[in-house]
Structures are given as structure tokens and as C-alpha cells.
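Here is the structure we will look at, set down as C-alpha cells.
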Amino acid sequence: MRLINMLFAATLLGIAATPAAGGSLGETKVDPSLSWTSDCQAPVRPTLFFDTVEGYNQALAQYNTHVAQVRRYIQCVQSDGKADIDALAATVASGMQAQQNAVVKGNEDLRKDFEVQRSLLQ
């Protein structure tokens with residue numbers, strides 16, 4: 001049991017001394033150089049030209065429509081981003097848990113092997 005406690009303490013010290021570095025998503029390293037893009041379609045900027053009051057009214061209507069499209073686009077980007085953040089967090093959490101479970105199981109198997117070898121000495 002002392003060996004396990006020592007191993008655990010050494011592991012914690014090793015982790016504490018290791019600088020934090022990001023993992024990876026498949027073959028892609030997670031770091032600040034990654035770029036993210038929404039699947040939302042940005043609105044096309046209208047060409048506003050008028051030289052009469054009627055043309056002005058029509059351009060104003062086009063402008064107001066564009067402003068509404070920009071608002072919908074921003075909402076879409078925010079929604080996409082939140083969904084991706086949530087999915088990414090779940091993916092990372094799942095990967096972390098799987099790796100931790102694997103190393104704990106491996107350590108437990110090692111402990112059992114150690115106990116079997118020790119029992120053979122008697």
C-alpha cells in the first residue's frame with residue numbers, strides 16, 4: 001500500500017511540475033493558432049444608390065432589411081459557436097476520462113501482478 005501512495009505522490013509532483021499544454025483533436029493540435037468558422041451564411045451587403053426621394057425610401061428599406069439580416073447572422077454565429085463549444089467540451093471531457101480510466105486500470109493491473117509476484121516469494 002505504501003508503494004501505491006508513493007507512486008501517487010510522485011505522479012502528482014510530476015503533473016505539478018509539467019507545464020500545461022493543450023492536447024489534440026485527432027491529428028490537430030489544440031492551440032491558439034486554430035481558427036473556427038461558423039456554418040452561417042453572412043448577408044450580402046446591398047448596393048445603395050439613390051437620387052430621388054423614392055430611391056431614398058427604397059434604399060432605406062434595403063438598409064433596414066440588411067440590418068435585420070445582420071442581426072440574424074450574429075445570432076446564428078453565436079448559436080453555432082455555443083453548440084461547438086459545448087460539443088468540444090464534451091469531447092475533451094470524454095477523452096480525458098477515457099485516458100484517466102485506462103491509466104488507472106493499467107496501474108491496478110500492475111498492482112495485482114506485483115501482489116501475485118510477492119505471494120510467490122512466500
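Quick notes on this structure:
- Contour excess over end-to-end distance, with Cα ends at A102 and N57 and 0.36 nm allotted per residue: 9.5 nm
- The gain in end-to-end length when the S38 to V70 segment is fully stretched comes to 10.1 nm, 0.36 nm per residue minus the alpha carbon separation.
- Packing-based order for 30-38, 62-70, using average beta carbon neighbours within 10 Å, highest first: 62-70, 30-38
- Taking a Cβ cut-off of under 15 Å around H66, the surrounding Lys, Arg, Asp and Glu residues balance to a net charge of +3, with basic ones at +1 and acidic ones at -1.
- Contour excess over end-to-end distance, with Cα ends at I85 and F49 and 0.36 nm allotted per residue: 8.8 nm
- Pairs of C-alpha atoms in region 17-107 farther apart than 22 Å represent 56 percent of all such pairs.
Every number here is computed from the coordinates shown, using simple stated rules; none is lab data. This is a predicted model, so every value here is computed, not measured. Neighbour counts are summed over all protein chains in view; Cβ atoms, including those assigned to glycine, are modelled from backbone coordinates with ideal geometry.
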